[in-house]
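What follows draws every value from the coordinates through simple rules; no lab data is involved. Keep in mind the model is a prediction, meaning the values are calculated, not measured. Every residue, glycine among them, receives a Cβ derived from its backbone with ideal geometry; neighbour counts consider all protein chains shown.
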Amino acid sequence: MLEAFFTSIPAMILTTGLLVGLSGALLGSFLILRGAAMLTDAISHAIVLGIVTVWLLTGHLSGPVQLAGAVVTGLVTVALTQLVHSTRLVRMDAAIGLVFPAMFALGVLLINLNARNLHLDVDAVLLGEIAFVWIDTVQVLGQPVPVATLALAAVFVVNLGFVTLFWKELKLGIFDPALATALGFAPGLLFYALLALTSVTAVASFEAVGAILFIAFVITPPATAFLLTRRLLPMVLIAVALAALSCVSGYALAILWDVNIGAMMAVMSGTFFVAAMVFSPVDGMLTRHARKQQDARRIDSLTLILHLAGQQDGDDSNHAALMADLGWSDDRLRAALRRGQEDGLILRRPDAATGQPGVQLTAAGHARANSLPRQFSAVAK
């Protein structure tokens with residue numbers, strides 16, 4: 001059974017995608033909350049410079065030396081970005097936009113000048129091809145395991161161990177860095193360690209899925225989870241679950257429609273984000289629209305109460321008179337009346353003189369009107 005799993009091409013493709021997605025969502029949750037999501041994009045592009053520089057110095061295209069070079073390049077990218085931002089001449093987003101294109105361009109130039117005959121292609125670094133992950137394998141306990149899958153599994157274990165071990169420190173460093181510093185948790189050092197792991201994960205990902213898919217998994221599932229909850233642990237768990245769901249559904253649709261697998265996984269992560277942006281019960285577009293409508297109805301109801309309370313001797317008002325006095329449409333007035341009746345502030349009964357439906361404040365309505373500032377009616381109109 002184990003042999004069937006490791007020799008199954010679909011299983012290896014899915015496993016590799018899941019490992020990238022889980023690692024990306026795990027680290028990305030903290031980067032999103034820290035407001036440093038775009039540093040992931042910067043690091044993922046800047047590692048091209050690190051890869052070619054390490055090759056020029058050592059002749060190695062993979063292994064621990066390459067990982068170390070990527071970590072150094074990622075940290076240099078962050079340091080240069082913060083240095084540019086510290087001049088207070090540009091905003092952080094502009095600083096990122098200035099630094100990482102320059103480092104990426106320098107890496108591309110070095111490849112063109114010194115590594116034209118080398119098996120190192122910029123498109124492969126950025127886009128990758130997860131469908132071919134099963135080709136390059138290594139024997140582990142007698143089973144052929146894809147090299148990229150093995151590397152990503154090791155990286156995921158390290159990432160998970162780091163987050164688990166420093167959960168409290170990471171949480172406090174995000175939400176109250178001043179307190180974290182006072183308690184000696186060194187939030188700045190933990191942030192750089194988080195970025196270092198991001199660099200390592202990006203290097204482990206680029207051969208299999210490319211940096212672009214890695215960026216999608218680092219940013220999109222955590223951003224989607226943030227729309228669904230405001231608590232850290234549920235956010236991390238939801239982000240990880242969404243990353244896994246994006247991989248599985250993206251693979252299935254890519255096979256069905258015969259399209260690029262990695263791209264389809266990224267598209268599915270974006271699809272879930274759009275769905276959360278529209279339907280999220282926490283802060284989705286529909287929820288915000290409903291909340292806005294509810295607030296408008298509440299304000300109209302209070303305006304109506306103040307208007308009725310301001311009438312001489314508290315006489316009844318019929319529907320037509322209220323529409324004329326307030327300048328409202330029939331639907332708007334009816335919604336305000338319903339809200340007032342539901343709250344027990346308004347009583348509706350036929351007007352004795354005209355026979356038309358009349359409106360009168362209840363005792364609770366009078367009490368509510370007296371508790372509101374008299375200027376409210378004019379402002380609400």
Residue 154-residue 348 FRET efficiency (beta carbon distance; Förster radius 56 Å; 0.05 resolution): 0.20
Longest principal axis of the chain (C-alpha) makes with the long axis of helix 261-279 (C-alpha) an angle, in degrees to the nearest 10, of 20
Beta carbons within 10 angstrom, averaged per residue: use that to sort the peptides 164-171, 323-330, highest first. 164-171, 323-330
Per-residue [θ]222 nm for the chain (sum of -39500 (n - 2.57) over DSSP H runs n ≥ 4, rounded to 500): -24500 deg cm²/dmol
What's the Kirkwood radius of the chain in Å, using all Cα pairs? 24.7
Measure off 7 Å from each Cα along the Cα-to-Cβ vector at residue 259 and residue 164, then give the distance between these two points in nanometres to one decimal. 3.7
The distance between the Cα centres of region 245-318 and region 1-62, in whole Å, is 34
